[in-house]
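Just so it is clear, none of the values below were taken in a lab; they were calculated from the coordinates. Since the structure is predicted, the reported quantities are computational estimates derived from the model, not experimental observations. Here the Cβ is made from the backbone with ideal geometry for all residues, glycine too, and neighbour counts use every protein chain on show.
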Amino acid sequence: MPTVPDHVGLPTEPIGSIPRPPALIEARRAYEAGTLPLAELDALCDEAIRDTLARFEATGSPVITDGEQRKYHNFASYCVHGLPNFAPDGFKLQFVNHFRLWPRLTAGPFRYQQKGDDYLRRARALTILPLKQAIISPSALSLFYPAEPLPDYSREQFIEDLLAEHTSEIRACLSEGAHTVQIDFTEGRLAYKLDPTGGVLNSFVQLNNMALDHFTPLERQRIGVHTCPGGDCDSTHSADVDYAELLPSLFELNAGNFFIALAREPDPERVLKMIATYLKPDQRAFVGVIDPLDPRIETPEVVRDRVLMAARHIPLAQLGTTDDCGFAPFSDDVTTSRDTAFAKIQSRVLGTRLASELLLG
């Protein structure tokens, strides 16, 4: 049985997803095709989670996740997968070289089929290490509602139901002892691409704050927001949007932690200066020091130098490290192997430790 790491130094956390074992990917396809019983799929999910947690522990990571092994299809629609009032032809999420479709709500009411606290509870039974739980943002879920109003179910009622489901999910995760509840806000930069006036981005921030305002300042210190330009099959959906368009609004979100993709940015120091400008005193910035889309495994020394760069701009009391994105937010993505993902995570842990020794003594 592992012991909780005696971690002294800058905090470091993963984002969430880890590539699924090939057998689990094939089993999920067989289940969807009706050729595999649910019990057999569940058993393979449990096996993948046990392996994921054990490999996370081996990296020395002070905070770990279940790797989203049980989330069906992707990081966003896990909460509604299998519900009869959804169709598969919703919002088109366009990446550079492919696209993904969001599900489309066809009738009210809006309810979750699955919540993050169930994943957390299952993982908690298998490890004593601090666990974080990634969940999807209200703003991403708002894209489930179709452009044409639904009969007998207005958008206003949908938003009310959505916020109730989301806030209950956060509260349940906090009650289950989540070290951090991370709200995935990958649509932040995408919002500006959809609407260069900033109107969609502002509406997303307002909607997410309507949920965050349900929590106390102390609770919000355990809640974080993740932003990235998307990551799927070695492609992104909004890397061409300048961070200058997002960051002023991002830090208006009433969360205590921000997990910010940075390793892949062409000019990370410019972004760090902007983060330092907009970061509020009660907020911490976990800067990305690992690029999940780069097949090369960063050395601890590369990570160390990225952390030292960040420390020139962000106060140490408000600095942490993370990966730019999850390694497989969509469950069928096989462009990165599990071995590569964990090697990169171990480099983040070791590199952060090296930087901490230099910065903190």
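Using a ≥ b ≥ c from the Cα gyration tensor of the range 129-174 (square roots of the eigenvalues), is it rounded, prolate or oblate, where a/c under 1.5 gives rounded and otherwise the larger of a/b and b/c decides, a/b for prolate?
Note, shape of the range 129-174 comes out prolate.
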**OP:** Report relative contact order for the range 71-152 in percent, whole number only (criteria: Cα-Cα under 8 Å, sequence separation at least 6).
**Re:** 32
**OP:** Output the antiparallel fraction of DSSP beta bridges having both residues in the range 22-360, as a percent to the nearest 5.
**Re:** 25
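Taking the Cα centre of the chain as origin, work out the dipole magnitude from +1 charges on Lys and Arg Cβ and -1 charges on Asp and Glu Cβ, in debye rounded to 20.
Values: 35 positive and 49 negative charges, 105 e Å.
Computed charge dipole of the chain: roughly 500 debye.
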Original post:
For the range 104-109, what does the Karplus curve 6.51 cos²θ - 1.76 cosθ + 1.60, with θ = phi - 60°, yield as ³J(HN,Hα) per residue in whole Hz, taken in order and with x for Gly and Pro?
Top reply: 10, 5, 10, 6, x, x
Original post:
Given the Cα-Cα distance of Leu218 and Glu156 and 0.36 nm per residue of separation, how much length would full extension add, in nm?
Top reply: 19.4 nm
Original post:
With helices defined as uninterrupted DSSP H runs, which ones in the chain have an alpha carbon span along their own long axis of at least 27 Å and mean Kyte-Doolittle hydropathy of at least -0.5?
Top reply: 38-58, 155-175, 338-360
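Please compute the length gained on full extension between Ile128 and Thr299, using 0.36 nm multiplied by the number of residues separating them and subtracting their Cα-Cα distance.
Values: separation 171, 0.36 × 171 = 61.56 nm, distance 2.80 nm.
So the chain would gain 58.8 nm between Ile128 and Thr299.
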Original post:
Picking from Val96, Val271, Val80, which is most flexible by a Gaussian network model of the chain using Cα springs under 10 Å?
Top reply: Val96
**OP:** Have a look at Leu194, Thr322, Ile170 and report the one farthest towards the positive end of the charge dipole of the chain, computed about the Cα centre with Cβ charges (Lys/Arg +1, Asp/Glu -1).
**Re:** Thr322
**OP:** Can you give me the three principal axis dimensions of the range 262-322 from its C-alpha atoms, in Å, biggest first?
**Re:** 36, 19, 16
**OP:** Add +1 for every Lys or Arg and -1 for every Asp or Glu among the other residues with Cβ under 10 Å from the Cβ of Gln318, and state the total.
**Re:** +1
**OP:** Please list, in chain and number order, the residues 5+ apart from Arg284 or on another chain whose amide H is under 5 Å from its amide H, with Hs placed from the backbone.
**Re:** Asn257, Phe258
Subject >> P(r) histogram, all alpha-carbon pairs of the range 1-150 included - 5 Å bins from 0, percent >> reply: 2, 8, 16, 18, 18, 15, 12, 7, 4, 1, 0
Subject >> Between the range 52-123 and the range 25-39, the alpha-carbon center distance in angstrom >> reply: 17
**OP:** Quick one: net charge around Asp152, please, counting Lys, Arg +1 and Asp, Glu -1 for every other residue with C-beta under 15 Å from its C-beta.
**Re:** -3
**OP:** Please find, in a Gaussian network model of the chain (springs between Cα atoms separated by less than 10 Å), the residue of Ala58, Ala341, Ala311 whose mean-square fluctuation is greatest.
**Re:** Ala58
**OP:** Given the options Gly90, Gly116, Gly231, state which has the largest fluctuation in a GNM of the chain using a 10 Å cut-off (strictly under) for Cα springs.
**Re:** Gly90
Original post:
Nearest 20 debye, what's the magnitude of the dipole of the range 299-353 about its Cα centre given +1 on Lys and Arg Cβ and -1 on Asp and Glu Cβ?
Top reply: 320
